[in-house]
Amino acid sequence: MADAEATAAAPRAALSYNRIAQAVHWLVAALAVAVIWLGWGIAWAPRNTPRRDLFVLIHESVGLTILAAMVFRAWWRWRHPPPPLPPVLSRLETGLAGLTHYALYLLLILMPLPAIRAPPWRATRSAISASSQFRR
């Protein structure tokens with residue numbers, strides 16, 4: 001009887017990702033697509049123009065939003081373990097899945113960091129240029 005109570009009291013492994021994990025996953029995916037699109041816009045916009053400065057400002061803002069979402073996502077995953085991988089996967093596949101997963105986390109956390117280290121005059125110039133875009 002004590003074993004049945006201990007088993008019932010022990011946390012069960014999740015059968016699927018919870019709604020918050022799924023929502024943050026799709027939020028990051030959508031933001032990643034947006035940041036890539038904005039990056040292409042930066043490449044096509046002429047240098048030293050308000051349009052390019054606006055693209056850079058929004059690109060960096062979306063990147064920092066990805067950073068915040070990924071930090072939250074890592075914390076959430078730590079507090080709410082994911083469901084186990086299917087047992088049909090080999091050890092190699094399981095290892096590669098874990099390695100790929102952590103590589104993506106690392107990439108999505110490290111890539112926005114240069115926006116934090118941007119010199120203040122660059123951000124100010126972009127903000128001023130972006131705000132002048134809306135006055136027209």
Using θ = phi - 60° and the Karplus form 6.51 cos²θ - 1.76 cosθ + 1.60, what ³J(HN,Hα) does each residue of region 108-116 get, whole Hz, x for Gly and Pro? 6, 8, 7, 4, x, 4, x, 5, 6
Mind checking the full-extension length gain between Ile109 and Ile20? Use 0.36 nm per residue of separation minus the Cα-Cα distance, one decimal, nm. 30.2 nm
Simple Cβ-charge dipole of region 19-134, Lys/Arg +1 and Asp/Glu -1, about Cα centre, in debye nearest 20: 160 debye
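We did not get these values from a lab; they are worked out from the coordinates using the rules stated. Treat the numbers as computed from the prediction; the structure is a model and nothing was measured. Don't worry about glycine lacking a Cβ; one is built from the backbone with ideal geometry, like all the others, and counts go over all protein chains shown.
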